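Derivation of every value follows stated rules applied to the coordinates shown; laboratory data play no part. From a predicted model like this one, the values you see are computed outputs, not experimental measurements. Don't worry about glycine lacking a Cβ; one is built from the backbone with ideal geometry, like all the others, and counts go over all protein chains shown.
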Amino acid sequence: MRNADTECWAMSRMRTIEWKDGRVITIDQSKLPDRTVFLEMQNCHEVASAIKEMKMRGAPLLGAAAAYGLALSAYHSKAKNASDLMNGVEKSAETLRKTRPTAVNLFWAIDRVMQKARKATGDVKAIVKVIVDEAERIANEDVEANHRIGEHGAKLIQQGDVILTHCNAGSLATVDYGTALGVIRAAWKQGKGVKVFATETRPKLQGSRLTVYELQQEGIPVTLITDNMVGYVMSKGLVNKVVVGADRIVRDAVINKIGTYTIAVVAHEHRVPFYVAAPTSTFDLSSSANEVVIENRNPEEVTSFMARRVAPNGAEALNPAFDVTPMRYVTAVIAETGVLSTTEFERPTTT
Ligand code: MRU
């Protein structure tokens, strides 16, 4: 893996992840906002470790990264025949499946690429091309979907609305443009003069480090709040809408960054519309909430802050990375196919 320290990512206008002649380039989000470090990955193990260490994070980005991880495995394979090639790629798929358990996009992308690869005919070169092309297709579709989510979502936003968002569901969490931040970007571009409250999103601070960074780069007014200020800003009537992303949308609930459920309940109490913006690659409608594996991460992420211990030595801590918001708290889901009311929630057919 090669790191390149360089100028501001936002100015580079590079996609969050790109395929370049057998290398996958992305930005190390664990270094943002202070340092812009590009990661150049050459094999699926480097992709897997970047996912586990959250140098890359955000459900749609994990999907594209997993697909590109399989493309690297195929592209650099020394296999002389199709079955040896596929054996290697199947092993890489297993490696990538073991990285993080909750965001369904990762598994959706691996299954999609593997299905294509298993059906592919021809020699090694032909199958490698099928795998690389499918990964590129997944990335391009994600960008297209986010722009459509932005368009559909912006119709729900009124002039001057103040929108609260949680974690980072922006360009950095996707291949580009973002889901929840895609809605905010589209409304801003339509001259709706929106303002944003961004929660800091402990313990990994995706809100303060990444969401504020992205919105500042676009000149969209944003105010940072700590996660425990949500009740305060809602009780003061300072928030008109909530728009968040999702890691998995099941029949009866939305799974997203820890803290989302609390925001949904407070929004319900104050009759603030609560929208979830997510591509259909995040839908897992054959499952229900009690079947979803919630990732539990190292408690040190809670007992320390920016690698400095803040709790007494030996302190116990919980660190579930996601929580479950029952559908009754969700006003609507904004997907690339349109705005879906949760009552008749079913997997949308592509229009
Ligand atoms: O742990 P993370 O940073 O990967 O969690 C990300 C989130 O919860 C996002 O809200 C979600 O993935 C949607 S990203 C468009």
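Scanning segment 41-54 for residues that are out of contact with any helix residue (DSSP H, G or I) (no Cβ under 8 Å at 6 or more places or on another chain) and not in a helix (DSSP H, G or I), which turns out farthest from the ligand (Cβ to nearest atom)?
The extreme case among them is 53.
Given the options 202, 185, name the one that is closer than 19 Å to residue 279 by Cβ and not aliphatic (A, V, I, L, M).
185
Which of the residues belonging to segment 70-88 are surrounded by 14 or more Cβ atoms within 10 Å (Cβ to Cβ), in a helix (DSSP H, G or I) and not aromatic (Phe, Trp, Tyr)?
70, 71, 72, 73, 74, 82, 85, 86, 88
Within segment 227-265, how many residues turn out to be closer than 19 Å to residue 180 by Cα and among the acidic types (Asp, Glu)?
2
Results for (1) touching a residue at least 12 places away in the same chain (Cβ under 8 Å); (2) touching a Phe, Trp or Tyr at 6+ places or on another chain (Cβ under 8 Å); (3) in a loop (DSSP other than H, G, I, E, B), shown as yes or no for each residue.
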{"residue": "133", "(1), (2), (3)": "no, no, no"}
{"residue": "142", "(1), (2), (3)": "yes, no, no"}
{"residue": "167", "(1), (2), (3)": "yes, no, yes"}
{"residue": "183", "(1), (2), (3)": "yes, yes, no"}
{"residue": "192", "(1), (2), (3)": "yes, no, yes"}
{"residue": "201", "(1), (2), (3)": "yes, no, yes"}
{"residue": "215", "(1), (2), (3)": "yes, no, no"}
{"residue": "237", "(1), (2), (3)": "yes, no, yes"}
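Just to verify a result, which residue in segment 163-196, among those that are over 18 Å from residue 334 (Cβ atoms) and more than 19 Å from the chain's Cα centre (by Cα), is surrounded by the fewest Cβ atoms within 10 Å (Cβ to Cβ)?
191
For residues that are away from the ligand (no atom under 16 Å from the Cβ) and surrounded by 18 or more Cβ atoms within 10 Å (Cβ to Cβ), scanning just segment 89-111, find the one that is farthest from residue 132 (Cα to Cα).
Checked segment 89-111; the qualifying residue farthest from residue 132 (Cα to Cα) is 95.
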